[in-house]
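The values are calculated or read from the model by the stated rules, or taken from the named source; none is laboratory data. Remember, predicted model here, so these are calculated numbers, not experimental data. Note that each Cβ is placed from the backbone with ideal geometry, even for glycine, and that neighbours are counted across all protein chains shown. We work out accessible area using only protein heavy atoms, side chains counted, and drop any ligands, DNA or RNA first. Shrake-Rupley method; radii C 1.70, N 1.55, O 1.52, S 1.80 Å.
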2 protein chains.
Amino acid sequence: MIIYFNGQYIDEDSCYVSPYDRGFLFSDGIYEVVRYTGKKFFEFDSHFTRLDTGLNFLKIKFSQKDKIPDICEELIKKNDLSDKEALIYIQITRGISKPRNHIFPDMNTLPTVFINATLLPKHDKELENGVNIILDEDIRWSRCNIKTISLIPNVLARQKAKERNAAETVFVREGFITEGTHTNFCGVNNGCLFTAPLSNYVLPGVTRKVVLDICKKINIPFKEEFIKEKDIKLFEEFMLISTTMDVTPVIQIENLQINNGKPGMITGKIQKEYFNILNSV
Amino acid sequence: MIIYFNGQYIDEDSCYVSPYDRGFLFSDGIYEVVRYTGKKFFEFDSHFTRLDTGLNFLKIKFSQKDKIPDICEELIKKNDLSDKEALIYIQITRGISKPRNHIFPDMNTLPTVFINATLLPKHDKELENGVNIILDEDIRWSRCNIKTISLIPNVLARQKAKERNAAETVFVREGFITEGTHTNFCGVNNGCLFTAPLSNYVLPGVTRKVVLDICKKINIPFKEEFIKEKDIKLFEEFMLISTTMDVTPVIQIENLQINNGKPGMITGKIQKEYFNILNSV
C-alpha cells in the first residue's frame with residue numbers, strides 16, 4: 001500500500017521512522033481512524049476536531065493540519081479504494097528529539113505524520129448475530145478522552161478478550177462501566193438507551209454522537225449515565241459502537257446471556273438507521 | 001553514536017523503525033535505563049530482573065534476552081565510553097504487526113530491540129545545591145510498577161516542571177505522594193526516611209532499593225509509607241532518587257521552602273554513601 005509519511009507518498013515497506021521519534025520512545029502522539037464508505041468520508045469533521053483537541057492537549061504544534069483532508073482523499077485514490085469501504089489511520093507524534101528526554105524538544109521540531117488507507121475488515125456476521133464480551137478492570141490513565149497512542153492497557157485487554165473467545169473487553173472503573181478497548185458501550189433498560197457520560201474517563205466517540213443523534217431522530221429515549229456493573233442484569237440489550245465495529249449487538253457478557261442470546265430490537269433499529277446515514281450520499 | 005538494533009550494531013542515523021512497529025503504534029513495549037560508572041554497570045541484575053518482569057507482564061516472548069549484558073558491554077566499547085560515566089537505554093517492543101490491530105500478532109513475531117549508550121548528563125550543581133519541584137495530579141494508569149514506554153503523562157508532567165523552572169514534577173494520587181515522572185521520592189520526618197510502599201502505583205526503583213539498603217547500613221530508620229500531600233510541612237527533608245538523578249536534595253516544593261532552602265543532613269549522608277557504593281569497584 002502507498003502511505004503518507006512526512007510530506008511524501010511512499011510504499012509502506014519503504015517507510016522508516018527514527019528510533020528517536022517520540023512516538024516510539026514515549027507514545028508522545030495522537031491518532032484517529034476515519035471511515036470511508038466507498039463514496040465519502042464519514043463524519044470527517046468530527047474526527048478532525050477530535051484530532052485537533054488531542055494536538056492541543058499534548059501541545060503539539062502542527063501547522064500542516066489543514067492538508068490532512070486532501071492527503072486522505074489522495075491515499076484513497078492512490079490505493080484504488082475509491083469505490084471500496086476503507087479506513088484511514090492518521091497518527092501524529094511530536095517528532096524526533098535526541099538525546100531521549102521527556103521534556104519537549106525545540107519548538108521548531110516537526111511533528112511526524114503517518115497516514116495510511118486500508119480496506120475495511122468485514123464483520124457482517126457480528127453485526128447480524130451479535131458478539132460476546134468480557135469485563136475487566138479499567139487500569140487506564142484518567143485522560144481517556146484524549147486519543148493518544150499510549151494504548152498498552154487497551155492492547156492487553158483486547159488480547160484478553162481474544163483469548164477468551166470474546167470480541168471485546170469492556171472496562172469497569174470502581175463499579176462503573178466506562179467503555180471498550182476501542183468502542184463505546186451502550187445498554188438499553190426499559191426501552192431507554194444508557195451510555196457513559198462524557199468525561200475524562202471516556203472517549204467522545206464519533207459513532208457515539210451519531211447514535212445519540214439517531215436516538216433523538218427515531219424517538220428512543222436516552223440517558224448519558226454510567227451503567228453499573230452490578231446492574232447489568234437489569235438491562236434488556238447492550239451494544240458496542242465505534243468506527244470499526246459500527247453498531248454491534250452484544251449477546252453475552254461474561255457468562256450472562258443477554259436477551260436470550262439474540263440481538264435486541266432497539267439495537268437493530270439503531271443499527272439500521274446508522275447504516276442508512278452512513279451510506280447516504 | 002553506534003547503537004544496537006535487532007541484531008546489528010549500526011550508526012544511529014542509519015537506524016529505522018517500521019511505522020508498523022507496535023512500539024510506534026501502541027506503546028507496546030518496555031524500557032530500562034542502566035548506569036555505567038566508567039568501570040562497571042551499576043546494579044545491572046536489578047535492571048535486568050525488572051526488564052524481565054515487564055516482558056512477562058506484557059507477555060512479550062524474547063528468547064535473546066540473555067544476550068543483553070554482552071550487547072551493553074559492546075556498545076560501551078564501540079562508543080569509546082569505557083572510562084566515562086554513561087547511560088545505557090534498552091527498549092524492547094512486541095515487534096511489527098500489519099495491519100494495525102490491538103490483538104497480539106503471530107507468536108513468531110520477533111520483538112524489536114533498540115539499545116544505545118550515551119554520556120551521562122552532568123548534574124553536579126543539582127546534587128550539591130538541591131532542586132525545586134512541583135506537584136501534580138497522578139493521572140497515570142494503575143500499573144506504574146511496570147516500566148512501559150506508555151509515557152505520555154510523564155512527558156506532560158515533566159514539561160510542566162520545566163515551564164515552572166522546576167527540576168521535576170512529583171505525582172499526587174488522592175492526596176498521597178507516589179513518585180516523580182522519572183524518580184522515586186523520599187522525605188525525612190523526625191529523622192526517619194519515608195518513601196511510598198511498593199505497589200501498582202509506584203515503580204520499584206533500583207536506586208530506591210539501594211537507598212533503603214543504605215539506610216539499613218548506616219542506621220537511618222525508614223518506613224515504606226506514603227507521604228500525604230497535606231503533611232509535607234511536617235517533613236525536614238526531601239529527596240529525588242533515580243538512576244539519572246542519583247540522590248538529589250529537594251529544597252523547595254511548589255512555594256514551600258524545605259530546610260531553609262538547604263540540602264538536608266540525612267540526604268547528604270545517603271548521597272555520600274550512595275556515591276561510595278556507585279564508585280566502588
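Mean separation of Cα pairs under 8 Å and 6 or more residues apart, divided by the residue count, gives region B:154-247 a relative contact order of 31 percent. To the nearest ten degrees, helix A:152-163 and the longest principal axis of the Cα atoms of chain A are 50 degrees apart. With unit charges on the beta carbon (Lys/Arg positive, Asp/Glu negative), name the residue among A:Thr112, A:Ser97, A:Cys72 whose Cα is farthest towards the positive pole of the charge dipole of region A:66-117. Of the listed residues, the answer is A:Ser97. Each copy carries a label point for A:Gly261 at 7 Å from Cα along the beta-carbon vector; from one copy to the others these points are 7.5 nm apart, nearest first.
Axis of helix A:44-58 versus longest Cα principal axis of chain A: the two differ by about 60°, to the nearest ten degrees.
For region B:6-120, how big is the tail of P(r) above 24 Å, as a whole percent of Cα pairs? It works out to 28 percent of all Cα pairs. Remark: relative contact order (chain B) = 18 percent; criterion is Cα-Cα distance under 8 angstrom and separation of 6 or more residues.
Residues in the protein assembly as shown average 43 Å² of solvent-accessible surface per residue, probe 1.4 Å, ligands and nucleic acids excluded. Charge tally around B:Ile10: other residues with Cβ under 14 Å, Lys/Arg +1 each, Asp/Glu -1 each, net -3. Using the Cβ of B:Gly205 as centre and a radius below 14 Å, the other residues enclosed give a net charge of -2, where K and R count +1 and D and E count -1. Set the Cα radius of gyration of region A:149-276 against 2.2 N^0.38 Å, with N its number of residues, and you get 0.98.
When nucleic acids and ligands are ignored and a 1.4 Å probe is applied, B:Met1 ends up with an accessible area of around 90 Å². Taking Cβ atoms as reference points and 10 Å as the exclusive limit, the residues near B:Leu240 contribute a net charge of -4, counting Lys and Arg as +1 and Asp and Glu as -1.
Separation of region B:109-140 from region B:144-215 is 11 Å, based on Cα centroids. Pairs spanning more than 24 Å between alpha-carbon atoms, out of B:Lys122/B:Lys160; A:Lys160/B:Lys160; A:Lys125/A:Lys269: A:Lys160/B:Lys160. If only the Cβ of Lys and Arg carry +1 and only the Cβ of Asp and Glu carry -1, the dipole of the protein assembly as shown around its Cα centre is close to 400 debye.
Just the protein heavy atoms count here, and of the accessible area of region A:215-280 at 1.4 Å, carbon and sulfur take up 49 percent.
What's the long-distance tail for the protein assembly as shown, i.e. % of Cα pairs beyond 30 Å? Of all Cα-Cα distances in the protein assembly as shown, 54 percent exceed 30 Å. Axis of helix A:206-217 versus longest Cα principal axis of chain A: the two differ by about 40°, to the nearest ten degrees. Interface A-B: total buried accessible area of about 4700 Å², 1.4 Å probe, protein heavy atoms only. To the nearest 10, the accessible area of B:Ser280 is 60 Å² with a 1.4 Å probe. Springs between Cα atoms under 10 Å define the GNM used for chain A, and in it the highest mean-square fluctuation of A:Asp52, A:Asp138, A:Asp70 occurs at A:Asp70.
Relative to one another, the C-alpha centroids of region A:46-80 and region B:1-42 are positioned 29 Å apart. Taking every protein chain into account, the 1.4 Å probe leaves A:Ser199 with about 40 Å² of accessible area, to the nearest ten.
Taking the accessible area of region A:134-214, probe 1.4 Å, and keeping the other protein chains in place, the carbon and sulfur fraction comes to 47%.
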